[in-house]
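The values are calculated or read from the model by the stated rules, or taken from the named source; none is laboratory data. Just so it is clear, the structure is predicted and the values come from calculations on it, not from any experiment. Ideal geometry is used to build each Cβ from the backbone, glycine not excepted, and the neighbour counts take in all protein chains shown.
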Amino acid sequence: MSHPLIRMLDRGATLFLVLLGAFAIAIPVLNLLVPPGSALHVSTYFVALFGKYICYGLLALSIDLIWGYAGILSLGHGAFFALGGYAMGMYLMRQIGTRGVYANPILPDFMVFLNWPELPVYWYGFDYFAYAALMVVLVPGVLAFVFGWFAFRSRVTGVYLSIITQALTFALLLGFFRNNFGFGGNNGLTDFKEILGFNVQVETTRNALLVISCLALALCFLICRAIVTSKFGKVLVAIRDAESRTRFLGYRVEAYKLFVFTLSACMAGIAGALYVPQVGIINPSEFAPGNSIEAVIWVAVGGRGTLIGAVLGAFVVNYAKTYFTSGILAPYWLFMLGGLFIGTTLLMPRGIIGTYYHWRANRTEKKDAAVPNAAPHAAE
Amino acid sequence: MTDSMTESKTAMQTDTTISRQTTSALLYLDGISVSFDGFKALNELSFVVEPGEMRAIIGPNGAGKTTMMDVITGKTRPDSGDVFFQEGAYDLSKLDETEIALLGIGRKFQKPTVFDMHTVEDNLLLALKNDRDVGAALLWRSSLPQEKRIDDVLDTIRLKGVRSRVAGSLSHGQKQWLEIGMLLAQEPKLLLVDEPVAGMTDTETMQTAELLKEINATKTVVVVEHDMAFVRELGVKVTCLHEGSVLAEGSIDQVSQNERVVEVYLGR
């Protein structure tokens, strides 16, 4: 047994962090310091795109933590992502102030438009960034805790749990669509001006948001690694593979699931909060059940239970989406996404990274078999 | 959880009749009935296991052996009857699987269930008796006494050579042993072992009998088994179940000469 830090930062994890760090430095440098005419210049469009992918990567990471390790298939994680996004959106709305169309110093435009006399109580405090940041984590966290407390205690597992998570996100979708819910209804929250006093539209802010997103992803990745390489992680895998056996060993399965589910929801919330200022809008469509399913596909494509694979999958699928939906193939994108999922399940059930790990493990095994009397611990 | 346990404990202690009845028994089952959709899996089943005893339970298919295990470990709630543990101190019918496991009742399943994706070593680590809280698992660090304990168990179950293999790649017999090893690592007071030699070769069967006898030197064991040669090898008191209740009890020779037992096993 090695030191926890060494277990946590194996070769793959280190490589991942180095790559992420390299992107976080290279992209802003190439965007801000290299003149636009140069071949090396990175466009601001790309900066925003990459920043968006990083947020998707963080959402995928949070799903992989519960699905890949604890076997909890949440088909409603987009809900936590959107709630985090709305919390951030509410802060950004309050920052608009008198620069809105109706120039009301307190009320966001949509409330003026709907003739609301005053700010609803649940909008209080969102003019402070620290409060909004707290809500970004707290709202998804509390919802996940309450939801998980009931679901895991009643031992709802497998496909039944997946279905009620879908119902959860669908219910929120319907709620947020309503104007009297107080979150801008159909249009959601948009037309943001400033974040912490910086203009959200300018290049420097966009680059800063990208760097912060990379940092958040790196930090959450480290937390996930610390968890899955600890004994807690071993218990999670045990629950995934043989839940009732774990119970008969004396583990409180529901407490383990609840902890990891809540943590995962908080991470999804952070991803949503970083996503909103970069794309400039949050509306109820983020709650669409399809979004949550798509995020699960990213994880499946990249390789569940590998963490790195989840992020990679988010990048690969979303890049493909950007690429195909902007060309003549646009009408066929959903068919391709469906085909990708079926193809992955049939041909590469371990996903990209999982297949690679499997291939590497097989190779080392063969090498060990070829050398007689090889040390039994050589594989470690 | 601790609250509910102390509660049930105090509740039991005030009820003097029960504690008098069960003063010495480690496991006490009285008049247990369980029915599934009208089918009576257990019908007024009663028997008692004394501390330090090894008991073999035999019986034809559908006699209720596994249901009895389920009742003791909290998987199934009895419709009626009493299940007490440790001289009547705990009412098992009021506790869930986790609480019962933490009281010191370990169970090996009929079909070997080990954690396939974990190494042999990690399987034992998970079973090892220590704090099972979320926080403790997050902050867990390996320690010398724990590694020593795992080594000891690996020696006992003769799996030291494959300690870093994943459990899924073990042979059927090795999985059976690993599961027994996990039981040992748990350090339970009572071991419930369901068909430990199913699918084993004759040599493995005899080795398993030896292993269980070794374990019985320090722990109470209840073994459910079909294999008569194995039960004979164990040489312990035998309880024969039939249609959810006790048909005969005694030494293997007494039980196997019992006319009713012969009738039940060979058909009427």
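State all residues of region B:160-188 that are within 14 Å of chain A (Cβ to nearest Cβ) and either farther than 18 Å from residue B:212 by Cα or surrounded by fewer than 20 Cβ atoms within 10 Å (Cβ to Cβ) (or both); if no residue qualifies, say none.
B:160, B:161, B:162, B:163, B:164, B:165, B:166, B:167, B:168, B:169, B:187
With respect to residue B:57, is the statement that it is touching a strand residue (DSSP E or B) at 6+ places or on another chain (Cβ under 8 Å), crowded, with 22+ Cβ neighbours inside 10 Å, among the aliphatic types (A, V, I, L, M) and more than 8 Å from chain A (Cβ to nearest Cβ) true?
Yes.
May I ask you to verify whether residue A:256 is crowded, with 24+ Cβ neighbours inside 10 Å and hydroxyl-bearing (Ser, Thr, Tyr)?
Criteria not met by residue A:256.
Take residues that are more than 14 Å from every other protein chain (Cβ to nearest Cβ) and tell me which of the helices (runs of 4 or more DSSP H) falling wholly in region A:1-73 contain 1 or more. Write out each step before concluding.
Working: elements: A:4-8, A:11-32, A:44-64.
Fully inside region A:1-73 and qualifying: A:11-32, A:44-64.
Which number in (1) closer than 25 Å to residue A:210 by Cα; (2) in a helix (DSSP H, G or I); (3) modelled with pLDDT of 90 or more marks the one condition that residue A:324 misses?
So the condition that residue A:324 fails would be (3).
Take the residues in region A:213-252 that are of a type in the set (A, V, I, L, M) and not in a helix (DSSP H, G or I); name whichever of them is surrounded by the most Cβ atoms within 10 Å (Cβ to Cβ). Can you show your working first?
If we filter region A:213-252 for residues that are of a type in the set (A, V, I, L, M), which is where we start, we get A:215-219, A:222-223, A:226-228, A:235-239, A:242, A:249.
Restricting the remaining residues to those that are not in a helix (DSSP H, G or I) gives A:242, A:249.
Working: A:242: 18, A:249: 28.
Across region A:213-252, the extreme among qualifying residues is A:249.
Determine which single condition residue B:117 fails, assuming it passes every other condition in (1) under 26 Å from residue B:225 (Cβ atoms); (2) at pLDDT 90 or above; (3) in a loop (DSSP other than H, G, I, E, B).
For residue B:117, the exception is condition (1).
So which residues in region B:106-153 are at the interface with chain A (Cβ under 9 Å from one of its Cβ atoms) and more than 23 Å from residue A:229 (Cα to Cα), if there are any at all?
B:106, B:107, B:109, listed by residue number.
Under 7 Å by Cβ, and 6 or more places apart or on different chains, what pairs join a residue from region A:307-336 that is free of Cβ contacts under 8 Å to residues at least 12 places away in the same chain and among the aliphatic types (A, V, I, L, M) with one that is part of a helix (DSSP H, G or I) and surrounded by 13 or more Cβ atoms within 10 Å (Cβ to Cβ)?
Here the result reads A:330/A:324, each pair linking region A:307-336 to a residue that is part of a helix (DSSP H, G or I) and surrounded by 13 or more Cβ atoms within 10 Å (Cβ to Cβ).
On the given criteria, is residue A:6 farther than 26 Å from residue A:263 by Cα and surrounded by fewer than 20 Cβ atoms within 10 Å (Cβ to Cβ)?
Answer is no for this residue.
Return the total of residues in region B:69-114 being assigned to a helix (DSSP H, G or I) and among the charged types (D, E, K, R). I'd like the intermediate steps shown before the answer.
Filtering region B:69-114 for residues assigned to a helix (DSSP H, G or I) gives B:69-73, B:92-94, B:97-103.
Pick out the ones that are also among the charged types (D, E, K, R) and you get B:70, B:94, B:97, B:99.
Here the count works out to 4.
Does residue B:96 satisfy being closer than 18 Å to residue A:228 by Cβ and at the interface with chain A (Cβ under 9 Å from one of its Cβ atoms)? Reasoning before the result, please.
On the way: closer than 18 Å to residue A:228 by Cβ: no; at the interface with chain A (Cβ under 9 Å from one of its Cβ atoms): yes.
Criteria not met by residue B:96.
Select from region A:267-318 the residues that are polar (S, T, N, Q), over 24 Å from residue A:139 (Cα atoms) and either in a helix (DSSP H, G or I) or in contact with a Lys or Arg (Cβ under 6 Å, 6 or more places away or on another chain) (or both) and list them in ascending order.
Across region A:267-318, the qualifying residue is only A:318.
Would you point out which residue out of B:157, B:150 is farther than 28 Å from residue B:61 by Cβ, surrounded by 15 or more Cβ atoms within 10 Å (Cβ to Cβ) and touching a Phe, Trp or Tyr at 6+ places or on another chain (Cβ under 9 Å)?
After applying the criteria, what remains is B:157.
Would you point out the residue of region A:217-245, among those that are of a type in the set (D, E, K, R) and in contact (Cβ under 8 Å) with a residue 60 or more places away in the chain, that is farthest from the other protein chains (Cβ to nearest Cβ)? If you could, list the steps in order and put the result at the bottom.
Step one: filter region A:217-245 for residues of a type in the set (D, E, K, R), giving A:225, A:231, A:234, A:240-241, A:243, A:245.
Restricting the remaining residues to those that are in contact (Cβ under 8 Å) with a residue 60 or more places away in the chain gives A:225, A:240-241, A:243.
Working: A:225: 13, A:240: 8, A:241: 5, A:243: 10 Å.
Applying the filter and picking the extreme gives A:225.
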